[in-house]
Structures are given as structure tokens and as C-alpha cells.
Amino acid sequence: LKDQFDNLDKHTQWGIDFLEKYAKFVKERIEIEQNYAKQLRNLVKKYCPKRSPKDEEPRFTSCIAFFNILNELNDYAGQREVVAEEMGHRVYAELMRYSHDLKTERKMHLQEGRKAQQYLDMCWKQMDNSKKKFERECREAEKAQQSYERLDNDTNATKADVEKAKQQLNLRTHMADENKNEYAAQLQNFNGEQHKHYYIVIPQIYKQLQEMDERRTIKLSECYKGFADSERKVIPIISKCLEGMILAAKSVDEHRDSQLVIDCFKSGFEPPGDFPFEDYSQNIYRTISDGTISTPKQEGMRIDTKTTVGKAKGKLWLFGKKPKPQSPPLTPTSLYTSSTPNGSQYPIFSIEPVHYCMSDIKTGKPRIPSFRSLKRGHFCLQGPALEDFSHLPPEQRRKKLQQRIDELNRELQKETDQKDALIKMKDVYEKNPQMGDPSSLQPKLTETMSNMDRLRMEIHKNEAWLSEVEGKVAARSDRRHSSDINHLVTQGRESPEGSYTDDANQEVRGPPQQHAHPNEFDDEFEDDDPLPAIGHCKAIYPFDGHNEGTLAMKEGEILYIIEEDKGDGWTRARRHNGEEGYVPTSYIDVTLEKNSKGA
């Protein structure tokens, strides 16, 4: 039984150690959950956009979906923190508290068992001592009896010795009887205590240890369940987070994102018009009809160089330089033969195609209509942001103005609501003077009215700008439509001499002389008259004019206007020294002459 007590001691100690081991496992799991939640939150914080309230970044559906996923992931991290907190309070803390109570109870039960064992050992020692004393006294009594019998049978022994031996025998016998009685009492007492120890005390202690161990097992079972319940409680919320991520993924709309890109970068500029057909063969045909290339033409048949120069300067070439016209093939129209006095023939080349090519090279003014949006964006980056957004393309300017008008209307509504509230409060104060002084609200009411007037003026001003932008866009669309119609009409217009022209107002008067001297070409180039000025302008901002076809200007510089803005944001201007080029319309203050406008 003593060995079994020691075994129970070892078993209960193992149970407590196992309980503490599981508590350590739960603690490490809690730390893992906390670190996981912390890392998730840091991840969300790292990729979550930090946008100011005035940020106007396009909200693509893919970006919105990603932001929603980040929010759901942040909620998921919060649920992991809930799991860690639930495990900490319901499992780990309970395990540590119960482990402390279990140690105290086990110590008490073991102490009771040791005390019972010590008491039984003490009873056994007392019984053993009385037994040994009884045994010793019995031996002494036997010795006294043998001595008495020997003296009683000895005839030589005196009566006094016999009496003395008899008294000694009686004394030893009496002591033996007393020790016998004491031994019997001790033996009876030990047997009783031993029966009580093994049938009452020890079983009760063992039962208490058993109950303690069973409670430990039950507590472990409850903690196992609580460990799982902590996770199971948050599963519905985690499922909602995952469903939110799936819904965010389904909300991605590629067509809407494409429309946002279109709305964001839509400039409102019209694409460049079609290139007009330039008929270089009309002079060849005319030469054939004349029969010779040496016949001089009338001066009146000479091409209007002014018209040609103006027309060439007004063209906008796609990549900044006018494409070089291909040389016409050598045909009978461009290659003629002449007879010499000896009858030999030699070729004579017509110079009219060369003359036309040289004229176009000299008078052509390169422009880059296809890159205007890029130029304009470059200018907008350099120039200051104007209050009326005139530095922006028409469509973007219209959107900005509409946004500002909406904001101003919201502010005006707030100020209106505040004015109504102040008026009502003032009426209440006038009816109940004890509640407040009505005159104390007058400054605030005056300030609110002033703010409302200011907002109305701002709204009116922005609406005027918006109407101006919308009118320009509509006029540009009409002009584009009419230009398409005119282009179709002029393609079929025939000049009086049978040649086709690009414009109804620009007809070829006649080809140049065929046998002009080479120096006459230079004179003809130098005598080209520039386009007339239709107004003047003042540079509001400086402009570098690095690109080909543009004109650099300084702030405050006065320039002549020779061609109006056709709706593409560029105006053609000329300096006093005759240098011409295109400048941004938003960088200048234009003043047109009434009698020259539209020339």
C-alpha cells in the first residue's frame, strides 16, 4: 500500500505537468494568432491608399475591389485577434488558475496520507515495544521460577533463601502479567488503528486524489472544447469577410474602367482634318494643250503667290514636316524633244514640276496637329493653374468647372440651412427674451448672408465659364460638320481652266512661265507677301516654343494675330520682325480687329 501511495503521488504530479504543458501550448498558439493578426494589419496598412479628401484619382472598379478586399482582410485580422483574446481568457487563464488550485489540493491530500501513515507507524512501534517488554518479563519470570524450584528441592537451602526466591518469582510473575496486559492493549489498539488506516483513512485519501485527477481530466476536456469554440465562433464572420472578397472580385467591371479612362483623358479636341488633294499634273495637261513649252504665258495667268503662300502656311502636317512630294515619272508630258538645225533631237525637261516643288518647300509651314494634345499637356505643366481652368483641354475644363459648381452649390445649401436656423433661433429669442439676446445672432447672420452672396457670385462666374466652354465645343462640332461638307463640295469644284482646286475661293490663275531663269525663282520666293494681321495679342505667360512650328514669346510681349484659333488651342502669330509661329491660345490675351476678322 505504501508503494501504491507513492505511485499515486507520481501520477498526480504527471497530471499537473501535463496540464501545464497544454497551457504552454495554448499560450504559444495565442502568440501565433496575435502575430498573425498584427502582420495582416501591417500588410493592410502598407497597401491601403493614403488619399487626401481632395484627391481626384480615378476610382477604377479594380482599385475599389482591391480596397474592399483590404478592408475585409483588416476585419479578418480583427477576428484573429478575437480568437487570441478568447483563447487567452477562456482557456489559458482558466488552465493557469486551475493548475494552481490543483497543486494546492494535491499537496493537502498527500500530507493527510503521510500523517495517517506516520500515526500507524507510531502505533506499531508502541505495540512492538510492549511486546518486547512482555517477552523480557516472561523470561525473567521463568528464571525466577527455575531458581525457586531449585532452592525448594535443595535440602541444604535455608528457609529464608526459599522464601526470598518465592517472593522474586511472585514479583516477576506479576510484572509479566502487567506487561502481558499492556501488550494486549497495545496490540488491540494497533489492530484497530491499522484497520481504520487501511479501510477508512487511506481509501478516503485515495478517493479524494482520484476525484482530483478526474476533475483535472474534465477540465482538460473543457479546455479542448473551449479551444475549438474560440475558433468556431468567428467562422461566420470570417465567412462573411471571404464572401465580401468574392463580391469585390465580382464587382470588377472592365467596361466601366475603360470609360473612366476615356472620361479622364478626354480632351475635347477635334482630330486633324483630311489633307486636300494637290493636283500637280494640271500644268502638264495645260502644256500638252499648248503644244510647246517655250510659248510665254500672259502675266495674268501667273499663280497668285500670296494665296499659295497663305495656303501653304495654313496647313498642319502630321509629324511636323511636310512630306516631300514624289517626283513625277518621266512621261511625254514632262519630257519633250526639240530638233536642232542638223536634225538631231535632244530632250527638254519641263521645269514646272520643279517650280511647284520648290514653291511648296519654300512656302510650306510645318505644324504638328496630331501632337497638340501632348504639347498642350506640356504647356499646362509649365504654366500656372488658372482659376477658370483655361489651361486645360475643353472637355477636362468642362468637368472641372462642373465639379466646382457642384461643390459651390453644396456650400451654398449649407449656408442657406444655417441662415434658416439662425432666423428661427432669432425668432425664438425675440419671443422669449430670457432664452437669449436676438442681437447677438445678427453678426453671424450677416456673415452667413455675405458668404451666400459670395458663393452665388462664384457660381454665376463658373457657370458663365461653363457656358463658354460648352458653346465652344458645340461651335467646334458645327464647324467640323460644315468643313466636312465643304470638303466634299470643293473636291468636285472645277476651275475655269479645267483644273481642280482645293478651295472654292482659291483658284489657280495660271501656271508660271516655263522657261524662267533660275534667279527668277529666288526673286519670286523673296517677293511672297505675308498674311495680313487680323488683330493683336499680349502674352500673359512666357512660352519657350522649343517644338518646330511654334513661336517663343515673353510675358507682356505684343504680337500680331494672322490666324485665329481653330478650336485646337493654338493661335498663329507674328512678331514685328516677321517671325511667325503658333502659340497657346490660353497664354495670350487676343484682340481682333472688327473690319479684319474673318479675312
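The values are calculated or read from the model by the stated rules, or taken from the named source; none is laboratory data. None of the values given here were measured: they were computed from a predicted structure. All Cβ positions, glycine included, derive from the backbone under ideal geometry; neighbour counts span all protein chains shown. To get the accessible areas, we keep the full protein, side chains included, count just its heavy atoms, and leave off ligands, DNA and RNA. Shrake-Rupley method; radii C 1.70, N 1.55, O 1.52, S 1.80 Å.
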- Message: Within the range 181-195, does at least one residue satisfy the condition of being surrounded by 13 or more Cβ atoms within 10 Å (Cβ to Cβ) and touching a Gly at 6+ places or on another chain (Cβ under 6 Å)?
- Response: no
- Please note which strands (runs of 3 or more DSSP E) are completely contained in the range 536-599 and include at least 3 residues that are open to solvent by 20 Å² or more (accessible area, probe 1.4 Å), in contact (Cβ under 8 Å) with a residue 12 or more places away in the chain and within 26 Å of E395 (Cα to Cα). 588-592
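With assigned by the TED database to the domain that holds Q13, touching a residue at least 12 places away in the same chain (Cβ under 8 Å), touching a Phe, Trp or Tyr at 6+ places or on another chain (Cβ under 6 Å) and crowded, with 17+ Cβ neighbours inside 10 Å as the only criterion, which of C241, C223 stands out?
Details: C223 fails: touching a Phe, Trp or Tyr at 6+ places or on another chain (Cβ under 6 Å).
Answer to the check: C241.
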- Message: Let me confirm something: among D453, D388, D437, which residue is at pLDDT 75 or above, within 23 Å of P542 (Cα to Cα), of a type outside the set (V, I, T) and open to solvent by 30 Å² or more (accessible area, probe 1.4 Å)?
- Response: D388
- Message: So the check is Cβ under 6 Å with 6+ separation or different chains; which pairs have a first residue in the range 418-437 that's assigned by the TED database to the domain that holds M449 and a second one that's exposed (fewer than 12 other Cβ atoms within 10 Å of the Cβ) and part of a helix (DSSP H, G or I)?
- Response: Y429/M435
- Can you run down the residue pairs with Cβ atoms below 7 Å, 6 or more apart or on separate chains, where the first is in the range 193-206 and closer than 20 Å to M108 by Cα and the partner is among the charged types (D, E, K, R)? I205/E112
- Query: Does A248 count as in a helix (DSSP H, G or I), surrounded by fewer than 17 Cβ atoms within 10 Å (Cβ to Cβ) and small (G, A, S)?
  - Reply: no
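Among the listed residues R136, R97, R90, R106, which satisfies the condition of being farther than 20 Å from N181 by Cβ and either aromatic (F, W, Y) or surrounded by fewer than 14 Cβ atoms within 10 Å (Cβ to Cβ) (or both)?
R97
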